[in-house]
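Have a look at the structure below, then the notes.
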Amino acid sequence: MTTRIGVVTFPGTLDDRDSLRAVRLAGAEPVSLWHRDKDLHQVDAVVLAGGFSYGDYLRAGAISRFSPVMETIIEQAKAGMPVLGICNGFQILTEAHLLPGAMLRNNHLHFICRDQKLRVENAETAWTGDYTAGQEISVPLKNVDGRYVADERVLDELEAEGRVAFRYVDVNPNGSLRDIAGITNAAGNVVGLMPHPEHAVEPLIGTGRTDGLPFFTSVLKKLVSA
C-alpha cells in the first residue's frame, strides 16, 4: 500500500510544490491539501510548507492556524500522525500550540536568505530517523520572522527532554534563543524548523546537496514500519 503524505496550501504558501516534489523523491505519494478542506484525504502524514500565509498579517501563521484543515491536523497530530512544519509551517505549529514557544522578527530586522549549517540534536523523531545525532547538514534558510523564543522554563524543558531537534552551527542567523533551529513535541511525531529541507533534495538545486531528503525518507520508513 502506497504511503500518502499531504502538503497543505494556504493563501500565500510558496513552497508547497517543492515539498510535494520532495515527498515524491522520497518514494511516497504526494497529496495536495487545501486549507479550507477539513478532509485530509486518507494521508498518513502532513507537511505544512513555507511561505507567507495570509501575508503574515497579525503574526506569521496566526490566521492560518484557524483554517478548517488545521482543526483536523491538530486532532490527528494529538493522535500520533506525523506533522512537519517548515518555516511558515513552524510558525503555524506554534500558533496552534502543537509546539511551544513563538517566532518573532529576526533580531537584525531583515529578511535573510542563505545556506545554513545545522546540527542534528535529536535523530529519534518521525522526521529525523535517517540522520544521526550530532550530524551536521546544510539546507537553505529564508525568513524574516525566524527568531525562536520561549521563556526559560520552556527552554529548559526542551533541553532536558531532548526536544531540540536542530541547532544553528557557526552562525545564529536570526537571534533564536539557544541557537534553536527546530524542535519536536514530546511524542516525536510533530517537528517544526525554520530552514527548508525541501530545497535540499536534489544535487541540481538548492545547496547542491541532498541533506534535506532524509526528512522525507525518515517519515516514510517510520510509517512503513508502523
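The values are calculated or read from the model by the stated rules, or taken from the named source; none is laboratory data. None of the values given here were measured: they were computed from a predicted structure. Here the Cβ is made from the backbone with ideal geometry for all residues, glycine too, and neighbour counts use every protein chain on show. These area figures cover heavy atoms from the full protein model, side chains too; ligands, DNA and RNA do not enter into them. Shrake-Rupley method; radii C 1.70, N 1.55, O 1.52, S 1.80 Å.
Before moving on, here are some points about what is shown:
- Candidate set from segment 209-226 (those that are open to solvent by 10 Å² or more (accessible area, probe 1.4 Å) and in contact with a strand residue (DSSP E or B) (Cβ under 9 Å, 6 or more places away or on another chain)); member that is nearest to N122 (Cα to Cα): P214
- Checked across segment 78-89, the condition of being farther than 23 Å from R153 by Cα, free of Cβ contacts under 8 Å to residues at least 12 places away in the same chain and out of contact with any strand residue (DSSP E or B) (no Cβ under 7 Å at 6 or more places or on another chain) holds for at least one residue.
- From N174, N122, residue being in contact (Cβ under 8 Å) with a residue 60 or more places away in the chain, open to solvent by 10 Å² or more (accessible area, probe 1.4 Å) and on the phi < 0 side of the Ramachandran plot: N122
- Segment 190-205 - residue that is part of a loop (DSSP other than H, G, I, E, B) and touching a residue at least 40 places away in the same chain (Cβ under 8 Å) and, of those, most open to solvent (accessible area, probe 1.4 Å): E202
- With respect to the conditions (1) in contact (Cβ under 8 Å) with a residue 60 or more places away in the chain; (2) surrounded by fewer than 22 Cβ atoms within 10 Å (Cβ to Cβ); (3) over 27 Å from E157 (Cα atoms), A22 falls short on a single one, namely (2).
- Condition met for D151 (among the acidic types (D, E), in contact (Cβ under 8 Å) with a residue 40 or more places away in the chain, more than 17 Å from G192 (Cβ to Cβ) and open to solvent by 20 Å² or more (accessible area, probe 1.4 Å)): no
- Look at segment 206-220: where a residue is under 16 Å from M81 (Cα atoms) and among the hydrophobic types (A, V, I, L, M, F, W, C) and a partner is open to solvent by 30 Å² or more (accessible area, probe 1.4 Å) and at pLDDT 95 or above, sitting 6+ places away or on another chain with Cβ atoms under 6 Å, you get L220/G27.
- Matching entry among V169, V144, V139 (being open to solvent by less than 40 Å² (accessible area, probe 1.4 Å), within 18 Å of T94 (Cβ to Cβ) and in contact (Cβ under 8 Å) with a residue 12 or more places away in the chain): V144
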